[in-house]
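The block underneath contains the structure these notes are about, expressed in structure tokens.
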Amino acid sequence: MTQSDASTSDIDPFSTEYLLDPYPFHEQLREAGPVVWLSKWNCWGTGRHKEMNEVLADPKTFCSGAGVGLANFNNEKPWRQPSMLLEADAPEHTMRRAVVGKVLSTGNLRRLRADFEVAAAALVERLMEKRAVDAVAEVAEPYILKVFPDAVGIGQEGRENLIPYGAMVFNALGPQNELFQESMVGIKEVSDWVMKNFLRENLRPGGLGLEVYEAADAGQVTLDEAPILVRSFLSAGVDTTVNAIGNALWCFANHPEQWQKLRANPALSRSAFEEVLRFEAPFQSYFRTTTKDTSLAGTAIPGNQKFFMSVGAANRDPRRWDQPGTFNIERQTTGHMGFGGGIHGCVGQMIARLEVEVLLTAMASRIARIEVSGPTTPRLNNVLRGFDTLPLTLYPAH
Ligand code: 4IA
């Protein structure tokens, strides 16, 4: 293995120091060069927006089938049966993605909006009675654990398992460090719950999960693929949006003038969410694997190499963004990397947008001001960014 002519960096994107405050490291990563050799993990990487887009536009060379974490499935066995979407390439990926994309498309979302609005209104009612609330335990988690499993058609019992399950899924994209080991404690119970709940007989009629099985009946995917596709909903749809909502409330508490803008014009909820994803993306880092010798930005990269991408760094790349460190819900956010991109771009992005738009709209109608009211704690994860606790005071608008 050579490092050719790329710059070398000893940054460890999975160290506690990095995860606690990634921004100085993002800058180092971007400024080290368009393509960097990361000596700590023997992989290549980029923190730049342009190169990240180039990688995502070439899934034949930068594949997902060998895993999108640090582990190279060509060399080591994955911790769980690989995802049939995230960790797959064409041609297998193609039809599965089309089926799940259709299940998560506008027809179903139109139907779900009213349910999300009822849940958001009820939640905001409770929040306004308390006024002192935790953004994670009392806002993000109860909201997402209600609306998302309801939409998929999961029963009420044991939904809280989805949070530690997600912690495993996302930690497993990094190295087998302490964070990973800690999240694997109790894995059996949590995995057993998930494996039971993606089965056809346990999914509610009218939910998104059963639609995947119906697509299998119609021959669009196989009956073996269906449960693992429903597993993707449960893996990717909870910790991401929970962290996104916590991060959103953090952004608004720290930028009260942006909250006032949103209150004056609640139609900004959707673009506000995009700016949160740019500014504090919940899903921060992932990999591709080279399928052959290639070159990127003039740097030669051999085949079968892991390639690291920093969403957080690209989302604040000054080559791409004006005033990247400013949170501005009226900015043009097109091109942010919070939902990835290319053929693997987040298939759940429409439902994620709907969930957060509805919640922010409901909160903006009732809350004049959001303040952080005490010490916060991060929810450390190899590839996620968010809070474990975020105490807030909510000031009523009327
Ligand atoms: C899956 C990268 C993240 C958002 C994600 C995690 C799991 C899965 C998909 C995406 O299990 O398919």
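The values are calculated or read from the model by the stated rules, or taken from the named source; none is laboratory data. It should be emphasised that the depicted structure is a prediction, and the values quoted were computed from it without experimental measurement. A quick note on method: Cβ atoms are made from the backbone with ideal geometry, for glycine too, and the neighbour counts reach across all protein chains shown. Accessible surface is based on the protein model in full, side chains and every heavy atom, while ligands, DNA and RNA are left aside. Shrake-Rupley method; radii C 1.70, N 1.55, O 1.52, S 1.80 Å.
Some points to look at:
- Summarised as an ellipsoid, the stretch 141-208 has semi-axes of 25, 12, 10 Å, derived from the eigenvalues of the Cα gyration tensor scaled by 5 and square-rooted, with the largest first.
- Counting heavy atoms of the protein chains alone, Lys196 has an accessible area of about 120 Å² for a 1.4 Å probe.
- Rolling a 1.4 Å probe across all protein chains gives Ile343 an accessible area of roughly 80 Å².
- Pairs of alpha carbons in the stretch 243-398 separated by more than 25 Å make up 36% of all such pairs.
- Stokes-Einstein D in µm²/s, Kirkwood radius over Cα pairs - the chain at 25 °C with 0.890 mPa s viscosity: 114
- Under 5 Å, built H, 5+ apart or other chain: amide partners of Gly386: Arg379
- Whole-percent carbon and sulfur share, accessible surface of the chain, 1.4 Å: 53
- Distant-in-sequence amide H partners of Ser310 (H built 1.01 Å from N, under 5 Å): Thr46
- Sorted peptide list for 180-190, 7-17, 313-323, 166-176, criterion being average Cβ within 10 angstrom, highest first: 166-176, 313-323, 7-17, 180-190
- Close amide H pairs (under 5 Å, H built 1.01 Å from N) link Gly341 with Cys346, residues at least 5 positions away or on another chain.
- By the rule of a C-alpha distance below 16 Å, with chain neighbours fewer than 8 residues away ignored, the lysines paired with Lys40 are Lys306.
- Between Ser295 and Val118, the distance separating the two model label sites (each 7 Å from Cα on the Cα→Cβ line) works out to 6.0 nm.
- Whole-number percent relative contact order across the chain, with pairs defined as alpha carbons under 8 Å at least 6 apart: 26
- Accessible area (Å², per residue) of the stretch 43-117, counting only protein heavy atoms and a probe of 1.4 Å: 47
- Straight-distance crosslink candidates among lysines, where the alpha carbon sits under 26 Å from Lys196 and sequence neighbours closer than 8 are dropped: Lys77, Lys102, Lys146, Lys188
- Ellipticity at 222 nm from helices only: DSSP H runs of n ≥ 4 in the chain, each -39500 (n - 2.57), divided by the residue count, give -13500 deg cm²/dmol.
- Principal axes of the stretch 236-282: Cα extent on each, largest first, Å: 33, 20, 15
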